[in-house]
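K.L.:
Questions regarding the structure given below will be posed in turn.
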Amino acid sequence: MAAAVPLAAPPAFAAPGSPYEALRVGRAATQVEIKAAYRTMAKRLHPDASRASGAAAAFLEIRRAYETLSDPDARARYDRSLGPSHHRPGQGVGGVRVRRWETDQCW
């Protein structure tokens, strides 16, 4: 059996204990990136594939994270629950785009 590849460290911009941290993706991750991260981690942590201690609990955590982030409504609710200081880059509170005068001008 091949040696286990360690999982990457969570991104520094994800809140501790967040679904983003569980799946090791950033707040601006697309649905494709979220699904790819989930599938990669599920293959390693599924109880039928891994006998490591804590793998079952980790699998449940990433499954819950994927359920939240894969549903656009649930993801939006979660993002709103973080408050205005944790909004996605380029997005205001509630998903409203924030315009930056300096960068939106065509000179």
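K.L.:
Restrict the check to the stretch 59-67 and report whether at least one residue is open to solvent by less than 60 Å² (accessible area, probe 1.4 Å) and outside any helix (DSSP H, G or I). Before you say what the answer is, go through the steps one by one.
P.N.:
Taking the stretch 59-67 as the starting set, the residues that turn out to be open to solvent by less than 60 Å² (accessible area, probe 1.4 Å) are 59, 62, 65-66.
Next, only the ones that are outside any helix (DSSP H, G or I) stay: none.
Within the stretch 59-67, not a single residue is open to solvent by less than 60 Å² (accessible area, probe 1.4 Å) and outside any helix (DSSP H, G or I).
K.L.:
Have a look at P11, P84 and point out the one that is open to solvent by less than 80 Å² (accessible area, probe 1.4 Å), in contact with a helix residue (DSSP H, G or I) (Cβ under 8 Å, 6 or more places away or on another chain), modelled with pLDDT under 90 and at negative phi.
P.N.:
Being open to solvent by less than 80 Å² (accessible area, probe 1.4 Å), in contact with a helix residue (DSSP H, G or I) (Cβ under 8 Å, 6 or more places away or on another chain), modelled with pLDDT under 90 and at negative phi holds for just one of P11, P84, which is P11.
K.L.:
Which one is nearest to R75 (Cα to Cα), of the residues in the stretch 26-58 that are among the polar types (S, T, N, Q) and part of a helix (DSSP H, G or I)?
P.N.:
Filtering first and then ranking leaves Q31.
The values are calculated or read from the model by the stated rules, or taken from the named source; none is laboratory data. Predicted model, so just to flag it, every value in this text is computed and none were measured. As a convention, Cβ positions derive from the backbone with ideal geometry for all residues, glycine included, and neighbour counts pool all protein chains shown. Note: accessible area is taken over every heavy atom of the protein model, side chains too, but ligands, DNA and RNA are not part of it. Shrake-Rupley method; radii C 1.70, N 1.55, O 1.52, S 1.80 Å.
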